[in-house]
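Here, each number is a calculation from the coordinates, and none is a lab measurement. In this text the structure is predicted, and so the values were computed from the model without any measurement. Note: ideal-geometry Cβ built from the backbone for every residue, glycine included; neighbour counts use all protein chains shown.
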Amino acid sequence: MSARRTASDLVELVLDADSFASWDSPIDIGRWPDAYQRELLRAAERSGRDESVITGRATVRGRPVAVVASEFRFLAGSIGEDAARRIVHAVRRATEERIPVLATTASGGTRMQEGTPAFLHMIDISRAIMDHKAAGLPYLVHLGHPTTGGVFASWGSLGHVTVAEPGALVGFLGPKVYEVLHHRPFPEGVQTAENLAHHGILDAVVTAEDLPALVDRTLGILVDPPRPAGLPRREPVATGSGDTWAAIERTRAPGRLGVREVLRVGGEDTIRLQGTDEGERDSAMIVALTRLDGEPCVVVGQDRQAQARAPMGPGALREARRGMRLAEELGLPLVSFIDTPGADLSKAAEEGAIAGEIARCIATMATMTVPTVAVLLGEGCGGGALALFPADVVVATQSAWLSPLPPEGASAIVHGDADHAAEMATAQRVSAADLFTAGKVQVLVPELDSDSGDAKSLAIAVAAEAATQLRVLRAGSGTGPRR
């Protein structure tokens, strides 16, 4: 189990030296009953703090942030009325000053000594945070040991990026309370940072010592301006790569590039976001904050490697919608990468609302207000591919394709066998060249003979082209591409 950190520990470990300036006003405890006043005074003596949270302004690697940090030694970090007002004031001030909020928690939840009035203040905290996010400002959360109850169920679970201390106890109901109420211990290993990250509730497990680097990388994407282009761009072409079936086979080849390669060679300071943050994780979808050739953006991409092990389910599409929502909230462009042999066809997928998730992805992406670029990278099969297709600009590699069914499936419907797959692919005009001619793809990235043995080279070209189109959209030169 993780060690409990004090607020002073976090100030020293995470914030730039001597950068913290308190925003906290003195607290008057005179309105409380005498017995509770004595309890508060003892807590202050033990902790060296006047409440269970400290707030203020500081810098992390030179970038300004508003800080909300729990002090567990003060009545187990519990949130009473004064602590809640302090948090609300800090978040509201951060919104006014237009700086990100970094919250670090260590709390047993709402303060029982103050009852329901304190409990209701969780609403006020949540409202302030949502207003902060609605202003397009980052809210980052680091969950310490322990984080439970009303804190985890409010401001601990609203981060754009949420990480936790290794081994931290993180859960809704504290295990001791559960045992008293239910007369049996809570199952071991459930309320741990590592388990919640595995289930897509947290983005990562990060030590306090490593938190400055994560904050630096995250705010570098969310706050810093775009950087100059550095990757070589291939001159777009106006034709496909020849035979449609041969192109389909190229996209299915084991060494074909995928979104991982594009992020590896074209992304900077990439931060993977794990899961839906609602208890679901599907490795078929990659969601990340990154800079593609210097351009900050949110990436959602179908991972060909993961889909080779298991098909893309509804959870993956819910992860994609999380990425779309983040892009809208943060005012960042969205880049989607389409590369799928098709969505999962199973009982679990049907009961998990696969069709509805495809529809919601299409509707969400089609109505986004931030710039959007879709990259048809390889296979584009069925509704799962269409889910990431609506964009201001669509870029495709020369061999890429998009079809309502695998060509073999179309052949089975029309001819009763899979033998006419190549014929059906041509007849259905699935190729990138056909899509370009129809005006559904705006840019074709050329593929070279050498690309078959060098995924890196094509990945660089794809990243450079996606970034080029982001620059065009950012410059306000219209939604069409610059060829």
| For the stretch 256-266, Karplus couplings with θ = phi - 60° (6.51, -1.76, 1.60), whole Hz, Gly/Pro x | 4, 5, x, 4, 4, 5, 4, 5, 5, 9, x
| field | Gain upon complete extension [VAL180, GLU249; 0.36 nm per residue less C-alpha separation] | value | 18.7 nm
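Tally Lys and Arg at +1 and Asp and Glu at -1 over the other residues with C-beta under 13 Å from the C-beta of GLY331: what net charge comes out? Please list the in-between numbers first.
On the way: positive: ARG98, LYS133, ARG325, ARG474; negative: GLU328, GLU329.
Net of charged neighbours comes to +2.
Output the relative contact order of the chain, whole-number percent, from Cα pairs under 8 angstrom with separation of 6+ residues.
On the way: 1069 pairs, mean separation 56.2, N = 483.
The normalised contact order for the chain reaches 12 percent.
Just want the ordering: SER154, SER457, from fewest to most Cβ atoms lying within 10 Å of their own Cβ. All intermediate terms of the calculation are to be shown ahead of the outcome.
Values: SER154 22, SER457 18.
Listing SER154, SER457 from fewest to most nearby Cβ atoms yields SER457, SER154.
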| Cα convex hull of the stretch 348-483: mean projected area in nm², to one decimal? | 10.1 nm²
| Amide H of THR192: which non-local residues (sequence gap of 5 or more, or other chain) have their own amide H closer than 5 Å, using H built in the peptide plane? | VAL170
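Just rank VAL53, VAL177, fewest to most, by other beta-carbon atoms within 10 angstrom.
Values: VAL53 28, VAL177 14.
Ordered by Cβ neighbours within 10 Å, fewest first: VAL177, VAL53.
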| note | Scoring only Lys, Arg, Asp and Glu (+1, +1, -1, -1) among other residues with Cβ under 14 Å from the Cβ of GLY352 yields -3
| message | Skipping prolines and chain starts, which residues have an amide H placed within reach, meaning under 5 Å, of the one on GLU379, given they are 5 or more residues away or on another chain? | response | THR340
| field | Debye, to nearest 20: dipole size of the stretch 143-233, +1 on Lys, Arg Cβ, -1 on Asp, Glu Cβ | value | 260 debye
| note | Expressed in Å to one decimal, the Kirkwood Rh of the stretch 141-256 from all distinct alpha-carbon pairs is 18.4 Å
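Would you work out the charge dipole size for the stretch 226-474 about its Cα centre, treating the Cβ of every Lys and Arg as +1 and the Cβ of every Asp and Glu as -1, and quote it to the nearest 20 debye? Please list the in-between numbers first.
On the way: 24 positive and 33 negative charges, 128 e Å.
That gives the stretch 226-474 a dipole magnitude of about 620 debye.
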| When the dipole is taken about the Cα centre of the chain, and only Lys, Arg (+1) and Asp, Glu (-1) are charged at their Cβ, what size is it in debye, to the nearest 20? | 700 debye
| note | Between the modelled labels at VAL190 and ALA21 (7 Å from Cα along Cα→Cβ) the distance in nm is 4.7 nm
| Mind checking Rg over Rh on the stretch 226-474, alpha carbons, Kirkwood formula for Rh? | 0.95
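Subtract the Cα-Cα distance of GLU209 and GLN37 from 0.36 nm times their separation in residues, and report this length gain in nm to one decimal.
Working: separation 172, 0.36 × 172 = 61.92 nm, distance 3.57 nm.
Result: 58.4 nm gained on full extension.
How large is the convex hull of the Cα atoms of the stretch 75-162 per residue, expressed in Å³ as a whole number?
Values: hull volume 6.3 nm³, N = 88.
Enclosed volume per residue, from the Cα hull, is 72 Å³.
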| note | Of every Cα-Cα pair in the stretch 7-221, the percentage lying beyond 24 Å is 39 percent
| note | The ³J(HN,Hα) series, computed from each phi in the stretch 229-239 with the Karplus coefficients 6.51, -1.76 and 1.60 at θ = phi - 60°, rounded to the nearest Hz and given as x for glycine or proline, is 5, x, 8, x, 9, 8, 5, x, 10, 10, 9
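Classify the chain as rounded, prolate or oblate, taking a ≥ b ≥ c as the square roots of the eigenvalues of its Cα gyration tensor: rounded when a/c is under 1.5, otherwise prolate if a/b is larger than b/c and oblate if not. Mind showing how you got there, number by number?
Working: a/c = 2.83, a/b = 2.00, b/c = 1.42.
Here the chain falls in the prolate category.
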| Could you give me the ³J(HN,Hα) list for the stretch 45-55, computed from phi with Karplus coefficients 6.51, -1.76, 1.60 and θ = phi - 60°, whole Hz, x at Gly and Pro? | 5, 5, 9, x, 10, 8, 7, 8, 9, 10, 9
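What ranking do ARG264, ARG5 get, fewest neighbouring Cβ atoms within 10 angstrom at the top?
Details: ARG264 16, ARG5 23.
Ordered from fewest to most neighbouring Cβ atoms within 10 Å, ARG264, ARG5 come out as ARG264, ARG5.
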| note | Net charge near VAL161 (other residues with Cβ under 11 Å of its Cβ; Lys, Arg +1; Asp, Glu -1) is 0
| request: May I ask which residue of ALA7, PRO406, GLY150 lies farthest towards the positive end of the charge dipole of the chain, with charges of +1 (Lys, Arg) and -1 (Asp, Glu) on Cβ and the Cα centre as origin? | output: ALA7
| said: I'd like to know which of GLY62, PRO33, ILE248 lies farthest towards the positive end of the charge dipole of the chain, counting +1 on Cβ of Lys and Arg and -1 on Cβ of Asp and Glu. | reply: PRO33
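With all distinct Cα pairs included, what does the Kirkwood hydrodynamic radius of the stretch 120-205 come out to in Å, to one decimal, could you say? List each step's numbers first, then the result.
Numbers: mean 1/r = 0.0733 Å⁻¹.
13.7 Å is the Kirkwood radius here.
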